[in-house]
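So the structure is just underneath, and the comments pick up after that.
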Amino acid sequence: MNLLNKIENRSARVGVIGLGYVGLPLTMEFVKAGFNVTGFDISVEKVALLNEGNNYIADVNDSELKNAVENNLFNATDDFSKIAEMDTISICVPTPLNKLKNPDMSYVISAVKEIEKLVHKDMLIVLESTTYPGSTQELVLPALSSSGLEVGKDFFLCFSPERIDPGNQQFQTHNTPKVLGGTTPECIQAGKLLYESIVNEIVPVSSTAAAEMTKLLENTFRAINIGLANEVAIMCEKLGIDAWEVIEAASTKPFGFMKFTPGPGLGGHCIPVDPHYLSWKLKALDYDARFIELAGEINTNMPNHVVNIISDGLNEHQKALNGSQILILGVAYKKNVNDVRESPSLDVINLLNEHGAEIDFYDPWVPSIKLFNSTITGIESLSSAILDSYDAVAILTDHSDVDYQLVKDSSKLIIDTRNVYPANGDEHIVKLGVG
Ligand code: SAJ
């Protein structure tokens, strides 16, 4: 029986490589669609946790995972030889930047190296990891073709970017349209059939490079517009205008405008990273992607700008950064998440530390952080006495579950980088973006 029939009658053995915030939710969607799924991960700990039915991804339902394991619909393994038994493989491994801010494709390359040894007739491989345009064609295809099998005839190769937004209750896998590019029309047909089992709308594009570029456009669009919002904040400070008021007013335009807001910088593992995959590829083609570079400069400088605002605020109280006690409210990279990857709060803490300030942090979502080669534990809770003991309190992440009235009533000086407080001339509140 051929692959399409196996996908249709759900007898196809589905494999997912990389069991993180993309791979594990995807796994569970395929299980719910009636497939038997094998999850592959290099982390022995993750594999053990999952095979005991233990979940570690907030967007995955604990009991669904437990049932899937108990009913033998899902099992995790670090034995990549089992790829040989799979009919489809979705690759959901990280694509970070290395120290030089260049793409680190090592996770994708090692996953592909495992597959190329075991690729067989009637196998579908789908790369989901965000990567530069051309990488499926230039990096994955040659490796799989080295088996002697022919793409589009013996095996099928697609790129389909993940659009998982952790914690988003409105848009989940099934109702987020999924872009899919294939190496040949037969590849698209196979990829579309598989993903239609879990997503309401598939958006086929003409090539894997078009699909790769689509994803990068989506997230580069965000990084650049966040950069513009940050530059508007700096301009408004110089103009004596309230940037938040202006952005709110501009947002009343029912067409042709999309709201972005200033902040202490650009965090997360998508937005600060993805545009550099694009600019890196273009540099190799002797083109300088100036918007990306400029937005990167502005966004990367925001922690510095926030430290300057804190320093100026302390100055008004005849205090220097050096020796001041500062409380950082929020270290997660954005509100109501527990992820600190690339969080600008860490950059602000580093800079303040370099200036000799004494730092504590409070974040109801993040109990401790790794910094200066040690683990720093946040303060457990806020009280009037605690807040009053700091020379300044900097709100860097506006988590919902914080008592901001208590913070306002008890702090000597507040630096508000997230528009928690409306501008009402309150002397002890200094706002990013307000001149
Ligand atoms: N940020 C601002 N101003 C804004 C928006 C964001 O300063 O107007 C900051 C955030 O505080 C954060 C960083 O930028 O530090 C990134 O924020 P984000 O809202 O883009 O959130 P992410 O990183 O979780 O982005 C994900 C992306 N999802 C995928 O790549 C599948 C992105 O495409 C989504 O649009 C975004 O979630 C979302 O909308 O929540």
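The values are calculated or read from the model by the stated rules, or taken from the named source; none is laboratory data. As the structure is a computational prediction, the values presented were derived from the model and not from experiment. Heads up, the Cβs are rebuilt from the backbone with ideal geometry, glycines too, and the neighbour counts pull from every protein chain shown. The area values use the complete protein model at the heavy-atom level, side chains included, leaving out ligands, DNA and RNA. Shrake-Rupley method; radii C 1.70, N 1.55, O 1.52, S 1.80 Å.
Within the stretch 379-410, restricting attention to residues that are open to solvent by less than 10 Å² (accessible area, probe 1.4 Å) and small (Gly, Ala, Ser), the residue that is farthest from the ligand (Cβ to nearest atom) is 392. Filtered by the rule that a residue be closer than 11 Å to residue 149 by Cα and either within 16 Å of the ligand (Cβ to nearest atom) or surrounded by 24 or more Cβ atoms within 10 Å (Cβ to Cβ) (or both), the stretch 120-137 gives a lone residue, 123.
Name the one entry in 327, 321, 294 that is part of a helix (DSSP H, G or I) and assigned by TED's automatic domain parsing to the domain that holds residue 399. Selected residue: 294, the only one of 327, 321, 294 that is part of a helix (DSSP H, G or I) and assigned by TED's automatic domain parsing to the domain that holds residue 399. Do we find that residue 94 is open to solvent by less than 40 Å² (accessible area, probe 1.4 Å) and in contact with a His (Cβ under 8 Å, 6 or more places away or on another chain) in this structure? Answer is no for this residue. The numbered conditions (1) at pLDDT below 95; (2) within 12 Å of the ligand (Cβ to nearest atom) are all true for residue 317 except (2). Is one or more of the residues making up the stretch 338-361 basic (Lys, Arg) and within 12 Å of the ligand (Cβ to nearest atom)? Yes.
Counting the residues of the stretch 272-291 that are open to solvent by 30 Å² or more (accessible area, probe 1.4 Å) and assigned to a loop (DSSP other than H, G, I, E, B) gives 4.
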